[in-house]
Amino acid sequence: MSSPGSTPKTTLNRLSYKASDKQSDLYSILDSNLVAHVGFVIDGAPFVIPMAYGRVGDVIYLHGSSGSRIMRALASNPQVCVSITELNALKVARSTFNSGMHYRSVVIFGQADLVPDDQKDAALDAISDAMIPGRVKEVRSSTKKELAATLIISLPLTETSVKISVNEVDDPEEDMNKGYWAGTVPIITSIGEIIPADEEAASLPIPESVKNFRTGLAKGL
């Protein structure tokens, strides 16, 4: 596996100080977020769609309905571009020009591959556990009918770019001492009270995976 930013397509030329070549940063961003935006072309027209994903080693998995036109297109092994962004703060400068955001992001380039039927169950479990770790052990197994109704796409992490922006407000000297405010506005993801689906669920204890998920977000993990 190549390090992030090691190919002509993934090398940051502008603001290169925001680039990271660390696989640990790549894994951290992928494992800390839930939604990927997947870009590809169908019949000459560009599409970008949000999808749940899960990482296992140096591969990410995406899933959807086998009846979906978009999933069938992805199953035909197109070239894709996947983007994951974690927004952490707004950087409010003394001008709109110098304002910006604090974020961590990953861009992945590669060819989408259809996961064969005999590997679907494991891949689907990986996606589920990526969303709520440990959840797979607490639910029934997927049925053959459910697996047949699902398409799963794999994408290797062989060509990636990692960008991290955490710089403070850096207004130029000529903007200082003119009465304009500047600062940082943190953006914090939180989770609300857990809501049981029905009377049966309300009579049962909240699963450990769900409680741990809530606690993890509350701690900012």
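The values are calculated or read from the model by the stated rules, or taken from the named source; none is laboratory data. Since the structure is predicted, the reported quantities are computational estimates derived from the model, not experimental observations. Quick reminder, even Gly has a Cβ in these numbers, built from the backbone with ideal geometry, and neighbours come from all protein chains shown.
What to note about this one:
- Residues located in segment 26-46, provided they are over 13 Å from the mean Cα position of the chain (by Cα) and surrounded by 14 or more Cβ atoms within 10 Å (Cβ to Cβ): GLY39, PHE40, ILE42
- ASN167 falls short on exactly one of the conditions (1) assigned by TED's automatic domain parsing to the domain that holds ALA36; (2) assigned to a loop (DSSP other than H, G, I, E, B); (3) farther than 30 Å from LEU12 by Cβ; (4) under 28 Å from the mean Cα position of the chain (by Cα), and that condition is (3).
- The criterion of at least 2 residues that are touching a residue at least 24 places away in the same chain (Cβ under 8 Å), closer than 12 Å to LEU157 by Cβ and touching a Ser or Thr at 6+ places or on another chain (Cβ under 8 Å) is met, among strands (runs of 3 or more DSSP E) falling completely within segment 1-79, by 59-65.
- Qualifying residue in segment 108-115 (condition: of a type outside the set (S, T, N, Q), over 11 Å from LEU155 (Cβ atoms), in a strand (DSSP E or B) and modelled with pLDDT of 95 or more): no
- ARG94 meets the conditions (1) buried (at least 18 other Cβ atoms within 10 Å of the Cβ); (2) in contact with a Lys or Arg (Cβ under 7 Å, 6 or more places away or on another chain) in every case but one. The failed one is (2).
- Flag set for LEU124, criterion: surrounded by 16 or more Cβ atoms within 10 Å (Cβ to Cβ), touching a His at 6+ places or on another chain (Cβ under 7 Å) and under 20 Å from ALA149 (Cβ atoms).
Every residue, every condition in (1) exposed (fewer than 12 other Cβ atoms within 10 Å of the Cβ); (2) under 25 Å from the mean Cα position of the chain (by Cα), yes or no:
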residue	(1), (2)
ILE152	no, yes
PRO156	no, yes
GLU159	no, yes
VAL162	no, yes
ASP175	no, no
VAL185	yes, yes
SER190	yes, yes
GLU199	yes, no
